[in-house]
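Colleague: Quick one: structure below, then a few questions.
The values are calculated or read from the model by the stated rules, or taken from the named source; none is laboratory data. Computed from a predicted model, the values in this text were never measured in an experiment. Glycine also receives a Cβ, built like all others from the backbone with ideal geometry; neighbour counts cover every protein chain displayed. Heavy atoms of the whole protein, side chains included, go into the accessibility calculation; ligands, DNA and RNA do not. Shrake-Rupley method; radii C 1.70, N 1.55, O 1.52, S 1.80 Å.
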Amino acid sequence: MKKVQSTTAAAQIAESARCEQALLFLGEPGIGKTQLLRDAAAASVVRAVMVSGQARETAYPLSGFAAFVNALCAGREIGYDRVEMLQTQDPTRRYELVQNLILDIRGLHLEPTLMLVDDIDDMDSRSQRLIGTLAGHLQRTGVTIVVTARPSDVSEALHTFWARELAPVSVELLTRAVVETWPRIDPSVVRILAGHAGGNPRVLDELLAQAAAERTDHSPWLILPPRRTPTTDTIAESVVASLQAPELRIMETVALAPLCHSEILIEYDQDAAYVVEDLLDQRLLSSHGLYTSVADPRVRSYLRWRQTAQVRRERSAELLAIAERLGRSTSLFYRSWTDPGDTDVGGLLEVAVELVALHRIDEAVEVAERALRFATRIQDHLPGLAALCEAFMAAGELVLTLRYGDAVGPGPATAGRLQLAALTLTAQLFHTQLGRDEQIQALVSLHARTDPEGAAALLYPAVLLHNERWETDETRQLLASMDDFQAVLGSQAREWMSAAVRWTDAIDGTVVGSIVTQECRPGETSPQVLYLLGRASTFGEDYASARQVLTLALNTPSIPDPVFVSSAAYGLIANEILAGEFHRARIAIEEWIDHAHWINRSSSTNSLIRAWYEYSGGRSSPAMDLLDSVIERAARTAGQALRARALALRGTIELLEDDPESAVIDLREVTSLSMRFNNPVLLRHWGDYLEACIRTERMDEAQAVHEALAQRLVDHRSRWGHLVGGRMAAMIARGVEGVALFEHAVREFAVGEQQYELGRTLACFADRHDELGQPASARRRRLEARAAFERSGAQPWMVAMSRHAGLRGEAGVLDQLSAEERQIVRLVQDGLRTRDIADALHLAGRTVELRLTHIYRTVGVRSRAQLIAELTP
């Protein structure tokens, strides 16, 4: 598996290598402590030496310390008493000896050294005490010590170290790391087992190997919870060893099922209420309303599978009798273990759906896997599977939707099968951003005569995907597959297909006309149709109407599902970006991340949105990193439209960062890619391309760019193209003619119209004044440009204008600060507290306070409020 532990800690270690610190990283076996130290060594700019504790050497006092000193001093002789003398039990004598050792180390004048000690808790206790004492006196040694240990095995000898615990890796990150490492692996299996790994990469590796070995019965369904592995045993044994007999009995009972109803548990054991309360306080159990579960999935696996099969059956039978008497749905799960032949598959699928609604995803999966393992014919459970897929779709679990939707093979046309196909195709489209047009068309031809409405519904997600990728020919081909059935379609299907045609025409550059809210009939028009009409309005450059219609779609009470919510929210974001409304776009992105973050979070489209968000906030470096990843992945995941958009944004940032040479290279490629699309204003790079050419003195290329856009606008009229074309014409012209054209280009903007583009035009006008030796006019134009950028919310361009105009304010103040201090200022402006800033930058809280004091003195303020006021334009 690829490295999944955060690289932030490794970078922090590498950066602190000259600070003579003592750091302790705590983590359970398999969490990635060793890899963390290896990454730190690789990133370190100073000498890095790594040693490891050896459990087999604990019987040899000071063996670990000797290895440490030998590695630190690289074999050079030091004049301190023999290691054997350090075995003294007298703390005063030991302290004196360590002081002598420190003096000897200083006398060696070692180059700055990063000492990395893995699993220091495996060293003998005396070695730990000596290294701990040494760690408290590192001044003027040039040595930084970083050690790792298990949280349960930390001794008092390490109290001199600054400690930090390595957090479990998220299910999403674990899943993504495995799938990226082994692309052919079933992502749904990885997703399921990642939920049982407790955030531990090594445990997940072991679970995947175990699952592969268990597939000898050719069943696609997993045995859950997973059986024990070496690492889960290591983690769980220390927990179980601390339990009293009544606690162990309750834990083993709860471990038999994914959730245990509290009433069943109390009937089973009269002391359960008190014992459960204690276990909840110890965080060994978790409470979910009326249900209880084992908090750590690794501990649950250990407890469940260490019981013999006979004990499990007997306990399940007792719990089954209680559950049936109380009428609890969990009786179905217990029955599947006591009498597998009598497993109620349909009932268990219903329980799984209920668990998904309660956001108990892992528990729902376990119940579903158990049910399907005993299903004689999967085809007999189409309604249950469709309900389960719909629930997983609503929860945003696309790979699980695909897992259970694909469980049913080909068969006769039925409503349940068509519904399942629609859900599966939707999940596939949004999860991989790769279409299955041939499959969709085959299903349409198969089902259209018996269920035309259902067949039409299959087309909707594919139309969304193709149009977002500007693949209008593919969209028209899909819609044409329903031409023979228009007469038998219901009004709603005809309405959305008509709206889809309007959106497709708008992408191709056909004049769409204004779409007003009255045409959309609130309460009558479906959210899907509202979305399509809103996207058509965006591409028709009617941004106000698009904003109204998309907002209406997002606030419709009968909104379909999270996939639609995410699509509509994305449409609103795209609308505000194209409108040049930076403020609105940032707000829309923040809401999208908060409420629909699950939808293909790692996709190229998501990365492009986050890149624009970083750029719009003046953070060019992270924006460029995200764009690099989009450009790399877009060819295989999302087509050339996304690649072109990423290159166009990268070119804009390069211009902002005064790198026109790189901008020319990127924007030249965008122009080449734009030939794939009929509408020349889909990729709004033309003005940037021409500006980059002029700034690099490529006047012939600049002229060609201007003529190319002008020629294409003949067949595709565009308000944006008209306004930017005016700026381009002025930039091409020289002398007085250019000034007159700039003045005309500025007058073409209506009041409040396209303020970002107005600001760009005024900025270029200012550059022309500079060329003509008119500094006063240039400064005035930059002030006007700054005001336009401020109205649109284009913060990075506003700061650039402040800098060029020589204004007092944010740009001038920040130039007086160090890079680290500028980072702190940005986080203060974002509203972060000192503790949060320290965590974000991996600094001590005291360090942040000292930096803030220096910032206040430099800027001439006394508080955060005054600092923010001073830097607010």
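Colleague: Got the relative contact order for the chain handy, in percent, Cα pairs under 8 Å and 6 or more residues apart?
Modeller: Over the chain, the number comes to 6 percent.
Colleague: Quantify, in whole percent, the carbon and sulfur part of the accessible surface of segment 611-740 (1.4 Å probe; protein heavy atoms only).
Modeller: The value for segment 611-740 is 49 percent carbon and sulfur by accessible area.
Colleague: To continue, here is another question. Would you mind classifying segment 318-402 by shape? Square roots of the alpha carbon gyration tensor eigenvalues, ordered a ≥ b ≥ c; an a/c under 1.5 is rounded, otherwise it is prolate if a/b is larger than b/c and oblate if not.
Modeller: Oblate is the answer for segment 318-402, as a/c is 1.5 or above yet b/c matches or exceeds a/b.
Colleague: Still on this structure, I have one more. Excluding ligands and nucleic acids, what accessible area in Å² is computed for SER331 using a 1.4 Å probe, to the nearest 10?
Modeller: Looks like 20 Å² after rounding.
Colleague: Quick query: amide H of SER718 versus all other amide H atoms, modeled in the peptide plane; which residues come in under 5 Å with a sequence gap of 5 or more or a different chain?
Modeller: none
Colleague: Where a ≥ b ≥ c are the square roots of the eigenvalues of the C-alpha gyration tensor, would you call segment 164-282 rounded, which needs a/c under 1.5, or, failing that, prolate if a/b is larger than b/c, or oblate?
Modeller: prolate
Colleague: With a 1.4 Å probe and all protein chains kept in place, how much accessible area does TRP182 have, in Å² rounded to the nearest 10?
Modeller: Rounded to the nearest 10, that gives 110 Å².
Colleague: Only Lys, Arg, Asp and Glu count, each charged at its Cβ (+1, +1, -1, -1), so figure out the dipole size of the chain about its Cα centre, rounded to 20 debye.
Modeller: Here the size comes out at about 1300 debye.
Colleague: Roughly to the nearest percent, how much of the accessible area of segment 343-432 is carbon and sulfur, given a 1.4 Å probe?
Modeller: Working: 1770 of 3200 Å².
On segment 343-432, the fraction of accessible area on carbon and sulfur atoms equals 55 percent.
Colleague: Tell me which of ALA648, ILE665, MET675 sits at the most positive position along the dipole axis of segment 642-681, charges placed on C-beta atoms (Lys, Arg +1; Asp, Glu -1).
Modeller: It is MET675.
Colleague: State in Å² the accessible area per residue of the chain; use a 1.4 Å probe, count heavy atoms of protein chains only, and round to the nearest integer.
Modeller: 43 Å²
Colleague: Under 1.5 on a/c is rounded, so check that first for the chain, then, if it is not, pick prolate when a/b is larger than b/c and oblate when it is not; a ≥ b ≥ c are the square roots of the alpha carbon gyration tensor eigenvalues.
Modeller: oblate
Colleague: While we're looking at this one, here's another question. Please name which of PRO29, ALA585, ALA750 has its Cα lying farthest along the dipole of the chain towards the positive end, using unit charges on Cβ (Lys, Arg +1; Asp, Glu -1) and the Cα centre as origin.
Modeller: Among PRO29, ALA585, ALA750, the one farthest towards the positive end of the dipole of the chain is ALA750.
Colleague: Taking the full set of protein chains and a 1.4 angstrom probe, give the accessible area of MET123 in square angstrom, rounded to the nearest 10.
Modeller: 10 Å²
Colleague: In deg cm²/dmol, rounded to 500, what helix-only [θ] at 222 nm does the chain give when every DSSP H run of at least 4 residues adds -39500 (n - 2.57) and the total is split over its residues? Show your work: numbers first, answer last.
Modeller: Values: 45 runs with 558 residues, N = 873.
Calculated from helices alone, the mean residue ellipticity at 222 nm is -20000 deg cm²/dmol.
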